[in-house]
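Asker: My questions all concern the structure below.
The values are calculated or read from the model by the stated rules, or taken from the named source; none is laboratory data. Quantities reported herein were computed from a predicted structural model and do not represent experimental measurements. Quick reminder, even Gly has a Cβ in these numbers, built from the backbone with ideal geometry, and neighbours come from all protein chains shown.
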Amino acid sequence: MQLELFTSRKGPAKVYRFPLARRADLVRRTAGELCKRAYEDGRRYWNAHAKELRRQLTASGLSRSEIKKEMDAYSQAVELEVYATLDVRLSR
């Protein structure tokens with residue numbers, strides 16, 4: 001075992017978050033929720049969902065600018081997934 005890798009380190013360990021936009025399960029699930037809702041209901045869902053994600057990112061120690069970058073990339077990933085889902089539905 002390579003436990004010396006952990007014992008020789010000084011100070012707290014750094015934990016890196018996996019980017020929201022790369023979490024395919026979350027992106028697909030969110031896009032699916034948006035696709036099955038009417039516009040106003042979808043807008044309310046998105047606002048509540050985004051607020052909760054921002055709260056989690058803040059709690060994990062990200063700065064405002066880092067949160068903005070994360071949320072912008074996530075929003076774009078969800079948007080692309082929504083369009084892909086709609087394309088599949090329309091082509092049937």
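Asker: Here are some residues: A48, A77. Which one is surrounded by 11 or more Cβ atoms within 10 Å (Cβ to Cβ) and of a type in the set (G, A, S)?
Answerer: A77
Asker: Let me ask another. Go through (1) in a helix (DSSP H, G or I); (2) over 12 Å from the mean Cα position of the chain (by Cα) for Y74 and report which single condition fails.
Answerer: Y74 satisfies all of (1) in a helix (DSSP H, G or I); (2) over 12 Å from the mean Cα position of the chain (by Cα) except (2).
Asker: Please list, ordered by first then second residue, the pairs with beta carbon atoms under 7 Å, 6 or more apart or interchain, first in region 42-70 and closer than 17 Å to R22 by Cβ, second of a type outside the set (A, V, I, L, M, F, W, C) and part of a loop (DSSP other than H, G, I, E, B).
Answerer: These pairs meet every condition: S60/R17; E70/P19.
Asker: Here are the criteria: (1) in contact with a His (Cβ under 7 Å, 6 or more places away or on another chain); (2) at pLDDT below 90; (3) β-branched (V, I, T). Tell me which single one T30 does not satisfy.
Answerer: Only one criterion is unmet by T30, namely (2).
Asker: If Y39 satisfies all but one of (1) within 13 Å of V78 (Cβ to Cβ); (2) out of contact with any Gly (no Cβ under 6 Å at 6 or more places or on another chain); (3) not β-branched (V, I, T), what's the number of the condition it fails?
Answerer: Y39 satisfies every listed condition except (1).
Asker: Kindly indicate whether any position in region 2-16 is modelled with pLDDT under 95, surrounded by 11 or more Cβ atoms within 10 Å (Cβ to Cβ) and at negative phi.
Answerer: Checked against the condition, which is being modelled with pLDDT under 95, surrounded by 11 or more Cβ atoms within 10 Å (Cβ to Cβ) and at negative phi, region 2-16 yields no hits at all.
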